[in-house]
Each structure stands twice: as structure tokens, then as C-alpha cells.
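Each remark here refers to the structure printed beneath this line.
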Amino acid sequence: PNSAELLMSLSRPTAYKDAIVLCADNFSVDLCNREKLSDLPGNPNFYKAQDDGSTAALRKIMAPRILAVKPHAPVMLLTNLDVPSGLVNGVRGHVVVCDPDKLRVQFDDKEISLKGVVFSTYDSRQKRVIASREQFPVKLCYAMTIHKAQGLEMDSIVVDARHINTHHHTN
């Protein structure tokens, strides 16, 4: 059997409620995150980004165009906020409060209020920013790509190997 068949043969139910799901592609990550967010009580809060510039370049920005969160939802920081305190890209926390213009997020022993951050894409040939997005610097983190998980420490994981060797595999 090939590697994918071998991995699929190991599939079994898991008792790890808070395990991070590692997926091969962003489509699977987004689907898992939406499904798990819907399991939390209450309605999601939606935060639409302020976008400017090339639509193609905006697709490459990690911050979501529309961020949907609820209190208690796990999120991952998408940028370095405060290096000495450990609030850096990849740190996980959970939403505490959703307000119209800010999010309160608990990262380990630090609860902070997040504000919008500008993410941008620079074109070195044109020597200018070709796209920018202002959004809260987090995304849902029930699941993440295997690529994004490299180098992170996690207590428990579940690997979704369904699309590991498919033609549409992207990071």
C-alpha cells in the first residue's frame, strides 16, 4: 500500500476533545474550523477586514477576509506582537470577549485586547505594496495545516490525512 493508504488504515475515533487537527490543505482546515466553531453555543461574531489592492495578492494574506469567532474559540496569533513576552506568530490562545472594535484573547497567563493590524503584500518588481488587509491578527485554530504546525509544540493532535497526496495540495 502507498503512504496515504497506510495512514488511512490507522484511522480510529479519538477521545482528544481539545486536540488540534492537522490537515494537508487550507480548504480542509477552513472546513474543520467552521464545523467546530458551530459546536460552540451562541452566534458567531463576524469581523470583516478592510481590504485594498490586488485581489490575487489579498488571497495570499494569512489574516482572514472575514473572521468568525465566539467566546472560548481557540485562535492562533498571525504576527509578532510582543517578542519579550512570547506573543509571537503561532502562539495559541482563546477568545474571551468579542466587542465590535476589539477582541479580548487569553494567551496562557496574559489576557490582551487585540486591535486591527495591517497585513500587506509587497511587490519587489514594482517596489510598492500591492495589497493590504486590516484585520485582527488571529485566525481560528481548531485545525491548521501540517506546514503551519512545523516547529510548534502541541499537547495533542489529530492528523487528517485524507488529502495528503491530492493534486490540489497547497500550504
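The values are calculated or read from the model by the stated rules, or taken from the named source; none is laboratory data. Owing to the predicted nature of the structure, the values given are computational and were not obtained by experimental measurement. Methodologically, a virtual Cβ is constructed for each residue, glycine included, from the backbone with ideal geometry; neighbour enumeration extends over all protein chains shown. What goes into the accessible areas is simple: the full protein's heavy atoms, side chains included, and nothing from ligands, DNA or RNA. Shrake-Rupley method; radii C 1.70, N 1.55, O 1.52, S 1.80 Å.
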Amide H to amide H, which residues 5 or more places from Ala73 or on other chains are under 5 Å from it, using H placed in the peptide plane?
Val95
How do Glu111, Glu153 rank by accessible surface area computed with a 1.4 Å probe, from largest to smallest?
Glu153, Glu111
The set of residues whose placed amide H lies less than 5 Å from the amide H of Phe119, leaving out same-chain residues fewer than 5 positions away, is Arg133, Glu134, Gln135
Rounded to whole Hz, the Karplus (6.51, -1.76, 1.60) HN-Hα couplings of the stretch 144-157, x for glycine and proline
8, 6, 4, 4, 5, 6, 4, x, 8, 9, 9, 6, 8, 9
Could you compute the net charge surrounding Leu7? Neighbours are other residues with a C-beta less than 14 Å from the C-beta of Leu7; K and R count +1, D and E count -1.
0
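Of the heavy-atom accessible surface of the chain (probe 1.4 angstrom), what whole percent is carbon and sulfur? Provide the component values of the computation, followed by the final result.
Numbers: 5540 of 10880 Å².
The computed percentage sits at 51.
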Spelling out what I want: for every residue of the stretch 103-114, take phi, set θ = phi - 60°, compute 6.51 cos²θ - 1.76 cosθ + 1.60 (Karplus), and round to whole Hz; glycine and proline get x.
10, 9, 10, 9, 10, 6, 9, 10, 9, 10, 8, 9
Within the stretch 84-171, which trypsin sites (Lys or Arg not before Pro) sit in a loop by DSSP and count at most 13 neighbouring Cβ atoms inside 10 Å?
Lys115, Arg125, Lys127
Å² per residue, accessible surface of the chain at 1.4 Å
64 Å²
